[in-house]
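K.L.:
Here's a structure for you.
Quick note: the coordinates plus some simple rules give every number you see, no bench work behind them. Note that the structure is predicted; figures quoted are calculated from it, not measured. Please note: Cβ atoms are built from the backbone with ideal geometry, for glycine as well, and neighbour counts cover all protein chains shown.
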Amino acid sequence: MIVIKAIVTTTAGMVRLYIYDGTNTRLWREVPVSAITPSASVAAFASYLNLALEPLILPSGYSLRASTHNAETFNIVATGGDS
């Protein structure tokens with residue numbers, strides 16, 4: 001599971017996820033971000049990628065990286081285990 005959660009107001013754009021092999025960085029997924037102004041009654045933007053049907057298996061030395069299309073702040077948490 002990968003959770004993408006904005007901690008500020010968002011504008012329409014993308015969060016991009018990359019796989020880094022120690023030398024090269026390759027685009028893996030793009031997650032669309034909608035424009036949301038969080039408040040007491042409106043939750044901030046969140047997206048959940050369930051990897052049960054298409055698992056992401058990173059070999060030793062590889063890492064998952066992320067970037068934003070717009071200058072906004074997100075928490076991105078990836079959870080999983082050995083297969």
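K.L.:
Return the residues of region 27-83 that are under 17 Å from Thr10 (Cβ atoms), part of a loop (DSSP other than H, G, I, E, B), without any contact (Cβ under 8 Å) to a residue 40 or more places away in the chain and under 17 Å from the mean Cα position of the chain (by Cα); say none if nothing qualifies.
P.N.:
Ser34, Ala35, Ala44, Ala71
K.L.:
Related question: State whether the residues of region 10-25 include one that is in contact (Cβ under 8 Å) with a residue 60 or more places away in the chain, surrounded by 12 or more Cβ atoms within 10 Å (Cβ to Cβ), part of a strand (DSSP E or B) and among the polar types (S, T, N, Q).
P.N.:
As a first pass, look at region 10-25 and keep what is in contact (Cβ under 8 Å) with a residue 60 or more places away in the chain: 10-11, 15.
Checking which are surrounded by 12 or more Cβ atoms within 10 Å (Cβ to Cβ) leaves us with 10-11, 15.
Filter once more, keeping what is part of a strand (DSSP E or B): 10, 15.
Add one more test, that the residue is among the polar types (S, T, N, Q), and what stays is 10.
The answer is yes; a qualifying residue exists.
K.L.:
For Gly61, only one of the following conditions fails: (1) surrounded by 10 or more Cβ atoms within 10 Å (Cβ to Cβ); (2) of a type outside the set (Ser, Thr, Tyr); (3) on the phi > 0 side of the Ramachandran plot. What is its number?
P.N.:
Every listed condition holds for Gly61 apart from (1).
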